[in-house]
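Data block below; observations after.
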Amino acid sequence: MKSTKRRDALKTMAVGGSLALLTPGILVSCSQKSEKTASEGDTPPIKKSKVGVALVGLGYYSTDLLAPALQLTENCYLAGIVTGTPSKASAWKEKYGIPDKNIYNYENFDRIKENPDIDAIYVVLPPSMHEEYVIRAANAGKHVWCEKPMAVTAQECQNMIDACKKNGVQLTIGYRLHHEPNTQEYRGIINEGKLGKVKSLKCAAGYRENRTDHWKQKKEMGGGVIYDMGVYSIQGARCGTGMEPIAVVSAKTISTRPDIYQDGLADVVEATLEFPGGVMAEIKTSFAENTNFLTVECEQGILAMEPFSAYAGVKGTSPLGEINHPYEVPMQQAMQMDNDAKSILENKPVLVPGEEGLRDIRIVEAILKSAETGNRVPL
C-alpha cells in the first residue's frame, strides 16, 4: 500500500475509532452500561513513542494478517516473535529484520521479561493455550493482547484477568470489529435508540472449513465451531441489541461431518438467546457453509449488515441510510493494534478488556449446557 493511500485509509478508520473512544458505553461492552475493568490504568505509561509487540504463535493469522498489519501501524511495531519452529524463526528474522535476542521459543519464553524492546505480547495460539501464555506474559510484566476466543472456560478467562490485574498490565482481547468503523456506526444507531427499541434479531457467521487436522477439529485444543465462529454470532447478538442476554432459551449442536467433528464437537450450532424486555435473538454459526449477516428488527425499521464480520467489505443499511466505510485488508487488524498500543502509551482503558471476552465464554458455556440438557439456561 502506498504511503498516501495508507494515510488516507488510516484517517478514514480513525474517524470511527475516535467516535468509540468518546462513547464509553460502546467502548467497554456491547451493552450500553459502562463499568470499570480490571485492566484500567493499573500501570504507568511506557516512555516510548511506539509499543514493541511480540507475536506468540506464527500460524496463518500472525503470518498473513497481524505481521502485515504491523507494517501499517503508527503506534506499535513488530519487535519479536515466539515460535517452536526454527524454520519459521529464520524466515521471520530475514523478512522483518528481527534481532536474535528478540526471538524466543516456548521453553525460554519467560526470559522475555528481561527484554526492554518488547512491551506487549500478542498471544495467537489455540484457545486451550491462551490461559497459560497470557498468565506467563503477565508475570513477565508485559501488556497482553489475546486473540479470540479468549479461552475454553469462563474460569480460565477469570484467571487471565486476575493475573493481569495482579501484575499491573493491560489485557485486551483481539475483537477487531470493535475497532471497525461500520460496526461502530451500527452500534451507535442501536445504542442511541435512533431506530427505537429492538424487537428481534437474527445473526449468522460461518464458512466452509475444509481442514481436518487443525486445532478447530480437536476438542482438547478448544475446537468446534462455537468457540471460533460462534463468538462472532454471540457478539452480533449482543452488539446488535445493545444489551446483555439473560438466558439461553434453547440450543442445538450438530455434526454434519461426524468423521471430522468427533467427541461431541459440532460444526453447526444454533441457539436462541433471550434479552431484557423479551427480545429474542436467533443465532447460528457454522463450519459447514458460508454465511455472514446480522438483521436487527427495530420499532422504526430494519438494520441489516451483510457481511457483518468479514475482514473487509463490512457494510449495511438502515432507514437512516447506507453504512459503508470502505478499507482494505488488513486495516482492521492495524486499527485494532494501533488503538491497543495507544491505550498502553497513554495509560488509558482498552477498547476490549478481558471482561468482554469472559462474557462471551460464559454464553458459550450456557449454549453448550442448553444443547446438552435441552433446558433453558439462565445467565
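So if we plug the beta-carbon distance of Q262 and E289 into 1/(1 + (r/R0)^6) with R0 = 30 Å, what FRET efficiency do we get, rounded to 0.05? Please report the intermediate quantities before stating the final value.
Values: r = 20 Å, r/R0 = 0.66.
Computed FRET efficiency for Q262 and E289 comes out at 0.90.
Once the other residues with Cβ under 15 Å from the Cβ of F293 are scored (Lys, Arg +1; Asp, Glu -1), what is the net sum? Spell out each step's value before the answer.
Working: positive: K202, K284, K315; negative: E270, E282, E289, E297, E306.
Net local charge, F293 excluded: -2.
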Segment I246-E322, length gained on full extension (0.36 nm per residue, minus Cα span)
24.2 nm
For the range 189-256 and the range 109-152, what is the centre-to-centre distance using only Cα atoms, to the nearest Å?
25
I want to check the label-to-label distance for K166 and N139. Put each point 7 Å from Cα in the C-beta direction and report it in nm to one decimal.
0.8
Rounding to the nearest 10 and keeping the result within 0 to 90°, find how far the Cα-based axis of helix 230-241 lies from the longest principal axis of the chain.
60
Would you mind checking which residues have amide H under 5 Å from C298's amide H? H placed 1.01 Å from N; only 5 or more apart, or other chain.
K199, L303
Inter-label distance, nm, simple model (7 Å from Cα along the C-beta direction), A91/S200
4.9
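Which FRET efficiency, nearest 0.05, do R208 and K348 yield, Cβ-Cβ r, R0 35 Å?
On the way: r = 40 Å, r/R0 = 1.15.
My answer for the efficiency is 0.30.
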What length, rounded to one decimal in nm, is gained on full extension from L379 through to M280, with 0.36 nm per residue of separation minus their alpha-carbon distance?
34.2 nm
Most mobile listed residue (Q158, Q333, Q235) in the chain, GNM with C-alpha springs under 10 Å
Q158
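Kindly identify the range 95-226 as rounded, prolate or oblate by the Cα gyration tensor criterion: order the square roots of the eigenvalues as a ≥ b ≥ c, call it rounded if a/c is under 1.5, otherwise compare a/b with b/c, prolate if a/b is larger, else oblate.
On the way: a/c = 2.01, a/b = 1.55, b/c = 1.30.
Since a/c reaches 1.5 and a/b is larger than b/c, the shape of the range 95-226 is classed as prolate.
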Options (1) 24; (2) 62; (3) 29 are given for percent of Cα pairs over 34 Å apart, and the computed one is (1)
Förster radius 25 Å - calculated FRET efficiency between E192 and E306, Cβ distance, rounded to 0.05:
0.70
Where a ≥ b ≥ c are the square roots of the eigenvalues of the C-alpha gyration tensor, would you call the range 257-322 rounded, which needs a/c under 1.5, or, failing that, prolate if a/b is larger than b/c, or oblate?
oblate
Can you work out the PRE-style zone for Y106? Point 7 Å along Cα to Cβ, and I want the residues of the range 150-178 with backbone N under 17 Å.
151-152
Under a GNM of the chain (C-alpha, springs under 10 Å), which listed residue has the highest mean-square fluctuation: I98, I344, I112?
I98
What are the residues whose amide H is under 5 Å from the amide H of I323, where those residues sit 5 or more places off or on another chain and H is modelled from the backbone?
G316, T317, S318
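Since every read-out is calculated from the coordinates, none of them should be taken as a lab result. Note that the coordinates shown come from a computational prediction; the quantities given were computed from them, not determined experimentally. All Cβ positions, even for glycine, are placed from backbone atoms using ideal geometry, and neighbour counts span all protein chains on display.
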